[in-house]
1. Test Leu132 against the stated conditions and say whether it is under 10 Å from the mean Cα position of the chain (by Cα), of a type outside the set (Lys, Arg) and part of a loop (DSSP other than H, G, I, E, B).
2. (1) in a loop (DSSP other than H, G, I, E, B); (2) farther than 23 Å from Cys170 by Cα; (3) modelled with pLDDT under 85; (4) touching a strand residue (DSSP E or B) at 6+ places or on another chain (Cβ under 7 Å): which one isn't true of Leu90, the others all being true?
3. For region 72-83, enumerate the residues that are surrounded by 16 or more Cβ atoms within 10 Å (Cβ to Cβ) and under 23 Å from Phe127 (Cβ atoms).
4. Taking Arg165 as the residue in question, decide whether it is at pLDDT 95 or above and within 21 Å of Val73 (Cα to Cα).
5. Could you list, in sequence order, all residues of region 232-242 that are assigned to a strand (DSSP E or B), of a type outside the set (Phe, Trp, Tyr) and surrounded by 19 or more Cβ atoms within 10 Å (Cβ to Cβ)?
6. Just need a number here: residues in region 97-154 that are in contact (Cβ under 8 Å) with a residue 12 or more places away in the chain, hydrophobic (A, V, I, L, M, F, W, C) and surrounded by fewer than 16 Cβ atoms within 10 Å (Cβ to Cβ).
7. Looking for something more than 23 Å from Ser100 (Cβ to Cβ) and assigned by TED's automatic domain parsing to the domain that holds Thr161 - is there at least one such residue anywhere in region 230-237?
8. What pairs come out if I take residues in region 176-200 that are in the same structural domain as Phe234 (by TED's automatic domain parsing) and pair them with residues that are surrounded by fewer than 12 Cβ atoms within 10 Å (Cβ to Cβ) and of a type in the set (Gly, Ala, Ser) whose C-beta lies under 8 Å away, six or more apart or interchain?
Amino acid sequence: MAKTGRSVLGKWVARRELRRWRDRAVLADGLHLSQLRGQWTQARALRDELDRLIHVADSRLALPAIGSTAFPVPHDADWFWRPQLWRAPLPRSGIASVRSGEQLGEEVSLFHDCAASEISLRQIRNFREADLAPFALRMDVFAFSGSFLSIVVDLPEAAVTDLRRRHLICLDTAVQMEKPLDVYARLNIRHGPNTEQIVLQVPLNEDEMTVEFDLAYSAINEKRVEKAWIDLIFDGPAMNELTLRDLTLCRRPRAEL
């Protein structure tokens, strides 16, 4: 009974508080500026706390579950991975006017050659039932004066451990965009003083896209492989909003000929 009483009281207090702020909003046009400034300060402080609660609630209540690494993996894959940005909430969820080389999280960076950046990056929550990744990356590009724009994903050490020329590295991504543009994926593998690069165009005929990098056609020195990373290169990105709903990678041996 006591618990029910507290619940009823809590709901009454919440309704009263909501009504108070609704009345303040209605009367705001006629308030003296000194009164309006005080209410504005209170409202901003309240909004910060409400935004924090909504952010946490969105993350906990929406599907898919935070931390999920579930995605289709070939049965013979010896390594597979979803970067942290698409898997878990980041301490800093967004960047405005992104400088070239600036990172969002530990694995994702943006590179461009614009003199003045009008590009923003933001981690957002996935809500669609079809999404397997808990989070997505949204990039807004306004005026773009540069010649290149790329999102770089650093691969973990496990991706290059025992890497051989008989391997295929498969990139799967789900991209939504306001206006169609050409997207290229470049695999970079540093081996000793050299860096091998394989560039493929990402097909844009559907939301979910797959490219396979066949290392049999590369010249990597298997004994000296040190590091690998992926560039997603966007051609003509001005005045566009792009959302990468998911990004996953896996490694598997190619079929012997």
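1. Judged against the criteria, Leu132 is not a match.
2. (3)
3. Once the filter is applied, which keeps residues that are surrounded by 16 or more Cβ atoms within 10 Å (Cβ to Cβ) and under 23 Å from Phe127 (Cβ atoms), region 72-83 yields Arg82, Pro83.
4. Working: at pLDDT 95 or above: no; within 21 Å of Val73 (Cα to Cα): yes.
Criteria not met by Arg165.
5. Taking region 232-242 and keeping what is assigned to a strand (DSSP E or B), we get 232-235, 240-242.
Checking the rest, the ones that are also of a type outside the set (Phe, Trp, Tyr) come to 232-233, 235, 240-242.
Those that are assigned to a strand (DSSP E or B), of a type outside the set (Phe, Trp, Tyr) and surrounded by 19 or more Cβ atoms within 10 Å (Cβ to Cβ): Leu232, Ile233, Leu242.
6. Final tally of qualifying residues: 7.
7. Step one: of region 230-237, the residues more than 23 Å from Ser100 (Cβ to Cβ) are none.
No; the residues of region 230-237 include none that is more than 23 Å from Ser100 (Cβ to Cβ) and assigned by TED's automatic domain parsing to the domain that holds Thr161.
8. From region 176-200, the pairs are Glu196/Ala219.
The values are calculated or read from the model by the stated rules, or taken from the named source; none is laboratory data. Since the structure is predicted, the reported quantities are computational estimates derived from the model, not experimental observations. With ideal geometry, Cβ positions are generated from the backbone for all residues, glycine too; neighbour counts draw on all protein chains shown.
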